[in-house]
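Could you have a look at this structure, given as structure tokens, before my questions?
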Amino acid sequence: MPDMQGGIRRSKRLNKNQENPAGLAPTAQRGAGRGLAGRGRGCRVMNQEGAKLLVAGAHGRGGAVEKKEEKLLAVDEEGSASPIPERIQFCNSPAYKVEKKLGKGGFGQVYVGRRVTGGIGRTGPDALEVAMKFEHRNSKGCSSSPPYEWQVYSTLNGCYGLPLVHYKGRQGDYYILVMDMLGPSLWDVWNSNNQMLSEEMVACIAVEAISILEQLHLKGFVHGDVKPENFLLGLPGTPDEKKLYLVDLGLASRWRDAASGRHVDYEQKPDIFRGTVRYASVHAHLGRTGSRRDDLESLAYTLIFLLRGKLPWQGFAGENRGFLVCKKKMGTSSEMLCCLCPPPFQRFLEMVTDMKFDEEPNYSKLISIFDNSISSSASLRPIKTEGAFKVGEKRGRLLAGVEDDGQLKKKLRLGLPASQWISVYNCRTPMKQRYHYNVLDSRLHQHVAKGREDGLYISCVASSNNLWAVVMDAGTGFTSQVYELSSSFLHKEWIMEQWDKNYYITSVVGACNGSALVVMSKGAPYTQQSYKVSDVFPFKWINKKWKEGFSVTSMTTAGSKWGVVVSRNAGYSNQVVELDFLYPSEGIHRRWENGYRITSTAATDDQAAFILSATKRKSQDVMQETLRTSAFPCTYVKGGGLHSTCIAYPSGYTKNFVACTDELLSVIKRSLVWRMYAESGYYCFQIVRVVLCTVSDRIIGIGPRCSPISRLRSIPSGS
């Protein structure tokens, strides 16, 4: 009998402790501390859009500060009651008097520090005034040890475009950085110019910002929070007043491993968000490991904001704001986003959003996009561009949409609805298999009964437009099977009754009208089960179950509701999730390379989720072939010289289907999903029919979950 302690009892608490409605990550309001991130210090949710921040700047937007406010020493806003010291001196630093507050960034607060004695000049270690960043020892960025930002500055101090840190130390409850005083941020400049900057100025900003990011990336770091508030100009009245600086390294992280020198591994943790919602890359919203492409995507949004004065995803509010912003970013094409911008800015956006996770940006090529937007005379440029390599010199015009090798590069975010089927061929021993699709409720029993007479069991089920699709085969290993069609989404009482009879959920699917088909079988390896119904993808619940020894074995949706089934003794050593608004081709390929295989997948109108698993047992490599079609590929099954209901090829190829696209899931209208899992050495898939937002010509191959792919071959559509 199944162990009901973690199965029935847990499944009674449906719809309680719901996930964050954002579905992807906590919003900026909710925050994500160190404990949630699990990536060490610096893992935090940054400020909301429009935050008025200066990290190492000299003048905030507030301008003048009243004397009584200058004298009033603030209390740290990280929950500490310790006042900011009036006088600072530590180690070998001069003595400074703490004056007015300049701003707040991340975990710290920035104040003016005036030298008590001596001092000369406006910049450098002997400057009369400096910027002092205070971070409380109990803040999330410290955790009773020096701030993570200190480590980054120690590595990067002197890097082009970063402010110099002259002293750092601790006094009382605060860790303190002493840096050069800087001027206004780009936000301040934009705001003081009627919220509009000229094309040339923004082009100069683009060129210099790319140069700064290039030098930062060469050191092995990504900034992680590129936005107008974090770009500052030099101190007014100095030779550097037109020089651009990048500040606030509290969210910086390594893209290159310090020990091995290799690119860090790809990962996705949907409950973690790093950055500022308005400017964050789509990958940051989705919780993916930060890489160089993310800084450049955030820079693209920054440039467009400075030109247009607004981004299409501004104005969202509520706890699911992060989800709505990410969805809007994914559904906005480059043409729409840059409709009021000069062509170079659209080209830049398209190039950076098409980059792969570990791709090395061609910084010179990105800079050259803005050649014609910048004055040939360096002295006339509103921003110094000394960091750019040969700025303004002709490098040969780069044709839009053409790579260096002359090949057209496919755009990944078109914002146009499209649908596509992708079939996967696995080389294996022939197996008797049968499928039925567009099945009415009244006809389902007839098809299943006929299959049972032939020794077939249901291996997967799907739904499209409130009709059913059923795949049955002889390789499930099941000894008995029951199923129920119910008008409610996952009939709890019936499921619990079957658990009492030693049946386990092996397939489940929901329909658009809220009904569900649940298949439960004997002969499955499971020893305990639980499931959850949620209005959002329940990643936190799944993560909790993983820690308890469960594995996700089935997923489905009905409307906006998710249903997730977890089981013990599923045969998996580890599982990961890919959650996206599109078919996450790159992420899935990287998971395949690490030995993971898709074992569950489901989709709502907004999101698609893929569970990938690594098995405890290793098996032989399998050759695969893939085929793209615009309709359910029954024509190609019949064209293979087989009976129309059999998909076992005499040549040893078993044809299975995956309905996914290589692109954006803006509206997922239907659901037929192929799930892949192994029972007694046989492989079964589940199919999904999706309506997506963009289509790429890349072909995907999906292999058995316990067999690494040794070869992939793409077959053109219609061949």
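Kindly identify the stretch 429-521 as rounded, prolate or oblate by the Cα gyration tensor criterion: order the square roots of the eigenvalues as a ≥ b ≥ c, call it rounded if a/c is under 1.5, otherwise compare a/b with b/c, prolate if a/b is larger, else oblate. Please report the intermediate quantities before stating the final value.
Numbers: a/c = 2.02, a/b = 1.16, b/c = 1.73.
Oblate is the answer for the stretch 429-521, as a/c is 1.5 or above yet b/c matches or exceeds a/b.
Hey, with R₀ at 51 Å, roughly what FRET efficiency would Lys544 and Glu386 work out to, going by the Cβ-Cβ distance, to 0.05? Kindly include the intermediate steps, with their values, before the conclusion.
Details: r = 52 Å, r/R0 = 1.03.
Approximately 0.45, to the nearest 0.05.
Need one number: convex hull volume per residue for the stretch 184-391, Cα atoms only, in Å³. Display every interim value, and only then the final one.
Working: hull volume 25.9 nm³, N = 208.
Spread over its residues, the Cα hull of the stretch 184-391 gives 125 Å³ apiece.
GluC sites (Glu not before Pro) within the stretch 201-283: which are DSSP loop residues with at most 16 other Cβ atoms inside 10 Å?
Numbers: sites: Glu208, Glu214, Glu229, Glu241, Glu267; in loops: Glu241, Glu267.
Passing both the DSSP loop test and the Cβ count: Glu241, Glu267.
Test of understanding: ordering Cys159, Cys91 by Cβ neighbours within 10 Å, fewest first, what list do you get?
On the way: Cys159 18, Cys91 9.
The most exposed by this proxy come first: Cys91, Cys159.
What are the ³J(HN,Hα) couplings of the stretch 272-285, residue after residue, when phi is run through the Karplus curve with 6.51, -1.76, 1.60 and θ = phi - 60°? Round to Hz, x for glycine and proline.
For the stretch 272-285, the Karplus-derived couplings read 10, 10, 10, x, 10, 3, 4, 10, 4, 5, 4, 5, 5, 4 Hz, x marking Gly and Pro.
Residue by residue through the stretch 231-247, what is 3J(HN,Hα) from phi via Karplus (6.51 cos²θ - 1.76 cosθ + 1.60, θ = phi - 60°)? Round to whole Hz and write x for glycine and proline.
Each residue's phi maps through the Karplus curve to give 10, 10, 8, x, 5, x, x, 10, x, 9, 5, 9, 8, 9, 10, 10, 10 Hz.
OK, next. Work out, step by step, the length gained on full extension between Glu241 and Lys432: first 0.36 nm times the residue separation, then minus their alpha carbon distance; give nm to one decimal.
Details: separation 191, 0.36 × 191 = 68.76 nm, distance 7.50 nm.
In short, 61.3 nm is gained.
Determine the alpha carbon to alpha carbon distance for each of Lys327/Lys544; Lys140/Lys269; Lys356/Lys384; Lys492/Lys545; Lys101/Lys133; Lys97/Lys384 and list only those over 21 Å.
Violating the 21 Å limit, Cα to Cα: Lys327/Lys544; Lys356/Lys384; Lys97/Lys384.
Another question, if that's okay. Mind checking the stretch 322-394 for chymotrypsin sites (Phe, Trp or Tyr not before Pro) that DSSP puts in a loop (not H, G, I, E or B) and that have at most 14 other Cβ atoms within 10 Å?
Details: sites: Phe323, Phe345, Phe348, Phe357, Tyr363, Phe370, Phe389; in loops: Phe357, Phe370, Phe389.
Here the sparse-neighbourhood loop sites are Phe389.
Let me ask something else about it. Where does each of Tyr111, Tyr583 land when they are ranked from fewest to most other beta-carbon atoms within 10 angstrom? Don't skip to the end; give the middle numbers.
On the way: Tyr111 26, Tyr583 30.
The fewest-first ordering by Cβ neighbours comes to Tyr111, Tyr583.
Starting from one equal scatterer on each C-alpha and no solvent at all, send me the Debye-based log10 I(q)/I(0) for the stretch 87-179 at q = 0.13, 0.25 Å⁻¹, two decimals.
Taking Cα atoms of the stretch 87-179 as identical point scatterers yields -0.41, -1.45.
Hey, what do the phi angles of the stretch 327-333 turn into as Karplus ³J(HN,Hα) couplings, whole Hz, using 6.51/-1.76/1.60 and θ = phi - 60°, x for Gly and Pro?
4, 5, 4, 5, x, 9, 6
While we're here: Report the residues of the stretch 524-549 in range of a label on Ser560: point 7 Å along Cα→C-beta, backbone N strictly under 15 Å from it.
Once the point is set 7 Å along Cα→Cβ of Ser560, 534-538 turn out to lie under 15 Å by backbone N, inside the stretch 524-549.
Which residues among the stretch 480-498 fall inside the zone where the amide N is under 16 Å from a point 7 Å beyond the Cα of His445, along Cα→Cβ?
Those under the cut-off are 482-487.
In terms of the Cα gyration tensor, with a ≥ b ≥ c the square roots of its eigenvalues, is the stretch 128-231 rounded because a/c is under 1.5, prolate because a/b exceeds b/c, or oblate? Write out the running numbers ahead of the final one.
Details: a/c = 2.24, a/b = 1.66, b/c = 1.35.
Verdict is prolate for the stretch 128-231.
Continuing with the same structure: List the residues of the stretch 233-256 whose backbone N lies under 12 Å from a point placed 7 Å from the Cα of Ser379 along the Cα-to-Cβ direction.
No residue qualifies, since no backbone N sits under 12 Å from the label point.
Nearest 20 debye, what's the magnitude of the dipole of the stretch 87-179 about its Cα centre given +1 on Lys and Arg Cβ and -1 on Asp and Glu Cβ? Before the final figure, lay out each step's value.
Details: 13 positive and 6 negative charges, 51 e Å.
For the stretch 87-179, the charge dipole is close to 240 debye.
Using a Förster distance of 56 angstrom, determine the FRET efficiency expected from the C-beta separation of Lys522 and Met336, and round it to 0.05.
Values: r = 54 Å, r/R0 = 0.96.
Computed FRET efficiency for Lys522 and Met336 comes out at 0.55.
All of the numbers you see were taken from the coordinates with simple rules; none came from a lab. Because the structure is predicted, anything quoted here is derived from the model rather than measured. Note: ideal-geometry Cβ built from the backbone for every residue, glycine included; neighbour counts use all protein chains shown.
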